[in-house]
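Undergrad: Would you mind keeping the following structure in view while I ask a few things?
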Amino acid sequence: MKNLFYILLISLFACSSAPNIRYDGQFTEEGIYDGTGKITFSNDETWYGEFKNGVPYNGKGILYFYPGKFIKGVKNGDGEYYFPKGDKYIGEIKDGQKTGKALMFFYVDKSSYDGFYKDDKRNGQGTLTFLNGSIYEGSWKDDLANGAGVIRFNNGDTYEGEWIDSHANGDGTFTSSNGLVYKGQFRNGFFSGSGKLIYTNNTTYEGQWSKNFANGNGTFVTRDGIIYSGTFKEGKINYSGSVTYATNQDYTQKGELFYRHGIDMESISLLRGELFEK
């Protein structure tokens, strides 16, 4: 049996971060939200719609979740109500699932998402802003970056291209803050496969890569016109290939070509620890 338009005011435990809650609507004899109702928080944020067994089922507004579940207030040992610290969701609930265009503020890592939901997960286009100011804009599938997208790191580095499971995977372009550019294939966030690296001094390496370093067959061209074509291992020339010089000087003997080709960098992904640090 349901009572209509019962007003329930829930006090919060002193250390809670969520606002007070006021519920106007239908509920069961056990005091569970069930039927049509409206939640009003002490900061005037509201959510209105249909509840089923205490859970928002259809409606729009602002809700709090942790971890991934609706927070409606929990009794502590003294019988008072409080809210666990949780995520803040601004959007629509349909058939018990987050759906459509929405905003989500994540409590634990302090990131925020502005984009589309489907089947209770981030699906479609959306923007994720991290605590350190880095921003990812692109496609999502089942809460992971999948498809085309771009991330702009707070240090000025950018990656634009394909993503799989929140890592750079497939074809893409990485540009460092100091102007170094890599265009080619990525695997699990690293330069891997075929690609071309253009240094800031216009020196280039084009060929095979593995985990951000030249590895396999490739061609290195210096700004002075020296060309080395051959094999590389972990970024270094093994000198078994051919070298064409712009002058008669033997640069190989002077060690001019002997440095590591690549970049020492973490995997390009949305899971980097630095993204969640100020």
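Undergrad: So, R0 is 22 Å and r is the distance between the beta-carbons of Asn238 and Asn178; what FRET efficiency does that work out to, to 0.05?
TA: Working from the Cβ atoms, E equals 0.20.
Undergrad: Within straight cross-link reach of Lys118, meaning Cα distance under 20 Å, which aspartates and glutamates are found once same-chain residues fewer than 8 apart are removed?
TA: In chain and number order, the partners are Glu50, Asp87, Glu92, Asp95, Glu137, Asp142, Asp143, Asp165.
Undergrad: Another question, then. Please list, in chain and number order, the residues 5+ apart from Thr36 or on another chain whose amide H is under 5 Å from its amide H, with Hs placed from the backbone.
TA: Gln26, Phe51
Undergrad: If I stretch the segment between Ile263 and Ile90 completely, what's the gain in nm (0.36 nm per residue apart, minus their alpha carbon distance), one decimal?
TA: 58.2 nm
Undergrad: Across segment 204-212, in residue order, what do the Karplus-derived ³J(HN,Hα) couplings come to in whole Hz, using 6.51 cos²θ - 1.76 cosθ + 1.60 with θ = phi - 60° and x for Gly and Pro?
TA: Those phi angles translate into 9, 10, 10, x, 8, 9, 8, 6, 6 Hz.
Undergrad: Round to the nearest 0.05 the FRET efficiency obtained for Asp119 and Asn202 when R0 = 51 Å and r is the Cβ-Cβ distance.
TA: Efficiency, rounded to the nearest 0.05: 0.55.
Undergrad: Still on this structure, please answer the following. Calculate one ³J(HN,Hα) per residue across segment 181-197 by plugging θ = phi - 60° into the Karplus curve 6.51 cos²θ - 1.76 cosθ + 1.60, and present them in order as whole Hz with x for glycine and proline.
TA: 10, 10, 10, x, 9, 10, 9, 6, x, 10, 5, 8, x, 9, x, 10, 10
Only the coordinates and a few stated rules stand behind these numbers; no lab work does. Not measured: the values here are computed from a predicted model. All Cβ positions, even for glycine, are placed from backbone atoms using ideal geometry, and neighbour counts span all protein chains on display.
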